[in-house]
Every structure is written in structure tokens, then in C-alpha cells.
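Engineer: Here it is, the structure in full.
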Amino acid sequence: MSSEEISMPKEKGIDHTLQLLKEGYTFIQNRKNKYESRIFETKLLGEKVICMVGKEQAKLFYDNGKFERKGGAAPKRLQKTLLGEGGVQGLDENRHHHRKAMFMSLMTREMLKEIQELTEAEWSQEISRHSAEQVTVYDMAKHVLTRVAMQWTGIPLDRQESEKWVDELSAMFENASNIGPKHWKARRSRSKAEKWLKQLIEDIRKEKIKVAKSSPIYQFAWHQGLDGNLLDKQTAAVEVLNLLRPIVAISVYVDFTILAVHQYPEQVDKLHQKEFSYENFIQEVRRYYPFFPFATARVKQDFIWNDYPFKKGTLTLLDLYGTNHDPSLWEAPDQFNPSRFKEWEGSPFDFIPQGGGEYDIGHRCAGEFITLAILKVTLKFFLHDVSYHFPKQDLDYSMSEIPSLPESKVTIIIA
């Protein structure tokens, strides 16, 4: 070892996968506190893994010269369920920039307005179907957002046909981290959806099906890679799912948003008094409640950072939840306080609920724009356009289940 290197803290033991499953969102934070270090080494699924948490560590993690996503950076279990194989999350450098631009081209004011209008209309229809009933917000949200996702992307399905995909799209993120039957259910759902979308892409290209040229499904079907060729049908299908699945996954945030409305009525009063904006409230929901636990990458080449050696190929996890609750970055991080976002300057490395980095040249999720658009119109709808009350229920949520949800999935009784 050179004089410039020091050993990073290392967790003893053969493997700590079971501890990760048990501790979930707090796994990295617990060891950060134990070792008094924002970087440490552990073993997961038999592989050496570096874990990191914090703003400076996020800057390092999203340095494209030091870390890469290609070649299976994400565990195969997640590629087979949550992410798919060959999608934008697993690309680097020019290929990533080119593919990412395909997604960013959809984040126009007009497209975001359209998805908000669809969301509001679908919530209105969904609520009208459940008058005087007791329902769970999460389950309603999955149905609403599946229909929104299909319409917004331009997939030619009617309402009844869209409903058939609610469970399939949900399984990909609900069961991604599970083992056993639930994991295999998620894999089957992805395979089924990819097969369907491959055929749809082919039919669009052969003009057997007419879709609007301005629609995302048309744009993705005819997208050309850097080599000037169309994406192969499998990759195009994966990328369409990278629109559909995340839109439906916003249901998790919808549930936590209505939970926040219930748990923090004083903050809702401040919102009504315009002490902060709807976006401030939504951003605090995204910071405060658990969503993604961590992001993954691999060391691109050997380097030393803060005297710690990073070896090429080492799997590295960045703690998203821990960074969003870092007391060195956020005052009273365990308090729900939307006002904090009134003065937040928008760093791409301290607020990272769906990943960090820059949008255009980095790996920050383009879908954040969609998330904000949907959640803002949903919050306004539930505050102004529907009457309901909360029955007695179990609103606790687990920090080991990924994704985490309130036990009751926020039950309401619609007036």
C-alpha cells in the first residue's frame, strides 16, 4: 500500500446480504454511524461492495470519469425486474447522453401539462366510482397512473385494456428486491410486458397500428442510436417500460403525500396560507419519506479519493435516503418541514430521492419532472376537489421493506 492510501473501514463477516434485507433503507446509515465514516466496505451477494453517503460522496459517485453503469453495474436481480437490460440506466458517456436526450425531449411544458390534465381527469373518474366507499389511496393511485401512463405515452389501449396492466407494471417495482415467488412474479411481469411492447413497436414501424407522431411511443419506436440505426425492438421495449413503470411507481409517493396531509395538518394550513408552495410540499414528501434506498455503479478505473483506494470494477452503492436525511445537509432532517425548500438552491448532489447528478450530462432521473407534475396536481385535487376522512388505521411504515408503504396503504372514506 502506498503512503497515499489508507484502508477504508471494513465490515467483518462473510456476507451481509441478510442484514441489508433486514435493515433496508437504514443499512448504510447504521454503518456510517458505527464506523464514523461516510465510506466503508462490506460484502453483499458474495461480492465486495463500497457504500457511501453524503453530498461530496454523491459528487464522486456521479463523476463519469470514475464510475460507470454499463456491464451490469446494477445487480442482475434488479435488471431482470425493475430496470430491464439494455436501457438508459446501464449506459455511459456518449451512448448515455444520446439515449437520455430521447427522454429529456419529452419533458416539455406542453407534455407535462398534458400529463397533469390526464391525471386530474383520471382522479376525478376514479373518485366518482367510489362514492361513500372505504378505499386505499395506493391501490387507487396504481389504477389512475396506469391509465395515465398508457394515454400519455400514446399506447393504443382503451380503459378496460389498460386496467389489465396494473398488476404487471406494479409487480416490477413492488417485488424487485424480494426473493422467492414474488421475485419470480416480477420477472414474469417484465417478460410479458417486454414481449407485448416488442410487438407493438414492430406494428408501429410496419404501420399496422397508427399512433400520433408526437407521442412518446412513436418517438421511441423510431429513435435512432448513435450508429444511425433504429433501436432493436427489445431495447425499445425496455425504454418504453422505463416510462410506464416509473409513472405507476409514483403511486408510492402519492400514498406518502396523502399520509403527510393527514399527519401534518399544520403544514397543510401553512400551504393554504401560501407560506410555501405546492412544489415545496411535494419536495419535502420526496425528501422525508423512503423511496429508492440507494443507487449503484462500478468503479471505472483505479483511483484514490480522500486517501481511500477504489479498485476498478468494485460495485458501489450511494445511499439516497441517508443523504436526504443527512444532518450536515438538512436542518432537523427527521422533521417534516416543506418551508426548507423555499430557500433550497437546487444542488444535484444533496437532494437525491430518485438519484443525483446533472440531468443532461449525468444520470439524474429525467422522470423527476413527471413525478413533480403528477404529484402537484394530485395534491391539489385531494385538498380541493374531493371530500373524505381518515378512519382509524395503521399508518406505520417499515424501513426494511422496499418500497416502503404505510401498513394500511392510507385508507380513506370518500364522502
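The values are calculated or read from the model by the stated rules, or taken from the named source; none is laboratory data. In this text, all values refer to a predicted model and were calculated from it rather than measured experimentally. For neighbour counting, all protein chains shown are included, and Cβ atoms are generated from backbone atoms with ideal geometry for every residue, glycine included. All accessible areas refer to the heavy atoms of the entire protein, side chains included, with ligands and DNA or RNA removed. Shrake-Rupley method; radii C 1.70, N 1.55, O 1.52, S 1.80 Å.
Engineer: Under 6 Å between Cβ atoms, at least 6 apart or on separate chains: pull out the pairs that start in region 387-411 with a residue that is under 16 Å from Glu174 (Cα atoms) and end on any residue that is open to solvent by 70 Å² or more (accessible area, probe 1.4 Å).
Structural biologist: The qualifying pairs are Ser400/Lys22; Glu407/Asp394; Glu407/Asp396; Ser408/Asp394.
Engineer: Take the conditions modelled with pLDDT under 75 and open to solvent by 70 Å² or more (accessible area, probe 1.4 Å) and apply them to Gly71. Does it pass?
Structural biologist: When the stated conditions are applied, Gly71 passes them.
Engineer: Let me ask something else. So which residues in region 95-119 are charged (D, E, K, R) and surrounded by 18 or more Cβ atoms within 10 Å (Cβ to Cβ), if there are any at all?
Structural biologist: Arg99, Lys100
Engineer: Considering only residues that are in contact (Cβ under 8 Å) with a residue 60 or more places away in the chain and of a type in the set (Gly, Ala, Ser), which ones fall in region 215-236?
Structural biologist: Hits for region 215-236 are Ser215, Gly225.
Engineer: Given (1) among the acidic types (Asp, Glu); (2) part of a helix (DSSP H, G or I); (3) farther than 19 Å from Thr323 by Cα, where does Asp15 come up short, assuming only one miss?
Structural biologist: Condition (2) is where Asp15 drops out.
Engineer: I would also like to ask the following. From Lys213, Lys182, Lys198, grab the single residue that is open to solvent by 70 Å² or more (accessible area, probe 1.4 Å) and within 16 Å of Ile402 (Cα to Cα).
Structural biologist: Lys182
Engineer: Based on what the data block shows, is Glu239 crowded, with 21+ Cβ neighbours inside 10 Å, among the acidic types (Asp, Glu) and under 27 Å from the mean Cα position of the chain (by Cα)?
Structural biologist: Yes.
Engineer: Which residue is most open to solvent (accessible area, probe 1.4 Å), if the candidates are limited to region 251-298 and must be aliphatic (A, V, I, L, M) and modelled with pLDDT under 95?
Structural biologist: Ala295
Engineer: Would you check if there is a residue in region 365-372 being within 14 Å of the chain's Cα centre (by Cα), more than 16 Å from Pro290 (Cβ to Cβ) and not hydrophobic (A, V, I, L, M, F, W, C)?
Structural biologist: Yes, the conditions are met somewhere in region 365-372.
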